[in-house]
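To start, the structure itself, in structure tokens.
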Amino acid sequence: MAIPLGFYDFMDPHSEDFVMTRFFALLVVLGFSAPSCLADDLPPSSWQLMVTGQRFVAGQAQDPSQSSQSVQIDDRVWLDAAGNYLWLTHSEWPGGIKFQYRQFGTANGGARMDVTKWRDGIWLQRSDAAKAKQDYVDQTYLLPALLQTQLRGATGQLVANSSSVERTNTGTDAAGRPVTWTYNDHGQLLSVAQPQTRYEYLDYPDANPGSQPARIWIYRGGQQIADLQVARQVAELPADFQQIPLGYVDKPTPSSAKATLLAPGVYRIDQTPSGYHTGVVIGRDGIAVFDAPIDAKEAAANKAIIRQLAPTLPIKYIVVSHSHRDHVGGLLALLDPATQVITGVGGQQALQRLFGSSMPHQVREISQQEQLSLGDRHIALWPLRSSHAHDMLVAADVTSGTVFQGDLFYLPEVGPIPPAFPLTAELVQLLNRHIPAWRQLVGVHGRTATPTDVRQSVRLRTQVDKSKP
């Protein structure tokens, strides 16, 4: 069946809508019986997406009484029909902690780098062709007009009601994952569901089959994880989208986890699969452990290392810097029969929500400064209602002047010292008040810091703040 030329007379022939509508009009004429069969008809083009909104991150709440944290995002995505993409991410967490990454992919592979260099430093994370393709396909879910041309499957069930007609198809996406998708009588995608993740497309501006929905909701495991506003425009990928700035180096392949001696009786477990660190202090009567990242498997391996350091001593205390899932996911694997878990105010509720019936029995919240005894040495604890997590605890081995903290200060494993985040001022104020002669600062992320490192990072933050208009 021919489409009258007049169908396009009202449109600019060079516009994005003209290109997309000409393609999707075929779907309408054919009764949109098999949208995937026309994938090769989509003219090569590329787009830029402006993605704003919020993601809902379970187990990462500022307030431990809440189950998730809303995180604001402001991303830019370029992608084309040939499988190339560039993704610039920007997100901000409570306490002024900002993530900014640059990630790209082609048919040959891709790479990801930390723009601010505070989390990954100068390490470059490369991906092979298969991973780059999957990452590209993930981005196409934000551009349903392109995604629909790449879905593969037979015509499915026709669903009609008083107001519209919808079709449901089952097949695979371009990464080979099983999906079920629905589209309306205009040929517009309404939803696409993978086994664990579901996308819903809302607020189409018109009935144009190639239109971009203004809003996308994402669900995982039945819980909403994102509410995104997405705007689209025709735009070429930047010519240098594959360029890697000077100074980045390939991230080394992790070797076996090990305990690094920081001071007599004080260790930090390094080179874990996740890159997270666990602090350990060994006293005459027992052991104190600081945080339990990231899951049971990694924590069990860390416990085996601790056993090598002190085969006969019990783990008396596990000090939880704050109850975010990535800091406590391995808690159960570290427990000994009499281990006490120490949290800040509200931490017990967060742990109960995470572990349910497996919740440790000996969990104690502290609301004021106190000390834990290991016999011949003591661990000082200070609760801190920080802007990042209200149940924050800062700890110190008094004997060595080693401070243990989580997420209040960051240095990358390798690379220059970055400007401190705003919440670092909260840590500095606490240290100046309670332990001004501290010698080293151990974090769950990154390398161990000296007082000089912290002062330099704070100065850089001051310079950044002064340079703002």
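Quick note: the coordinates plus some simple rules give every number you see, no bench work behind them. What you see is a predicted model, and the numbers here were worked out from it, not measured in a lab. Note: ideal-geometry Cβ built from the backbone for every residue, glycine included; neighbour counts use all protein chains shown.
In table form, for the structure just shown:
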quantity	calculated
Phi-based couplings in Hz for the stretch 403-420 (Karplus 6.51, -1.76, 1.60; Gly and Pro marked x)	9, 10, 8, x, 6, 8, 8, 9, 10, x, 4, 9, x, x, 6, x, x, 5
Degrees separating the helix 424-434 axis from the principal Cα axis of the chain, which is the longest one	10
Net charge, I342 excluded, C-beta distance under 14 Å - Lys, Arg +1, Asp, Glu -1	-2
For the chain, fraction of C-alpha pairs farther apart than 28 Å, in %	59
Cα convex hull of the stretch 288-371 - mean projected area over all directions, nm²	5.3
Label point at S68 placed 7 Å out along Cα→Cβ; residues across the stretch 323-337 whose backbone nitrogen lies under 17 Å	324-326
Label zone at L261 (point 7 Å along Cα-to-Cβ), backbone N below 20 Å, the stretch 423-460	439-442, 448-449
Residues whose placed amide H lies under 5 Å from that of S321, excluding near-sequence neighbours	D291
Rel. contact order, % - alpha carbon contacts under 8 angstrom, at least six apart, the chain	13
Lysines with Cα under 25 Å of K133, excluding same-chain neighbours fewer than 8 positions away	K251
Ranked L354, L246, L460, L441, criterion: other C-beta atoms within 10 Å, fewest first	L246, L460, L354, L441
Whole-percent pair-distance distribution, where bins are 10 Å wide, for the alpha carbons of the stretch 337-391	22, 47, 28, 3
Amide proton proximity set for G283, modelled H, under 5 Å, gap of 5+	A288
Helix 16-29 vs. the chain, principal-axis angle (Cα, 0 to 90°, nearest 10)	60
With Cα atoms, 0 to 90° folded angle of helix 296-309 axis to the chain main axis	20
Computed log₁₀ I(q)/I(0) - Debye formula, equal Cα scatterers, no solvent, the stretch 217-316, q 0.10, 0.15, 0.20, 0.23 Å⁻¹	-0.54, -0.77, -0.98, -1.14
Under the Karplus curve 6.51 cos²θ - 1.76 cosθ + 1.60, θ = phi - 60°, whole-Hz ³J(HN,Hα) for the stretch 189-198, x wherever Gly or Pro sits	5, 9, 7, 9, 10, 8, x, 10, 10, 10
Rough spin-label spacing in nm, given labels placed 7 Å along Cα→Cβ, for V165 and A82	3.8
Order of T343, T149 under a 10 Å beta carbon neighbour criterion, fewest first	T149, T343
Proxy reagent accessibility, fewest Cβ within 10 Å first, across E413, E166	E166, E413
Amide H contacts under 5 Å for I225, placed H, 5+ residues apart	I218, Y219, R220
All-pairs Cα distance distribution in the stretch 254-467, expressed in whole percent, bin size 10 Å	8, 37, 38, 14, 2, 0
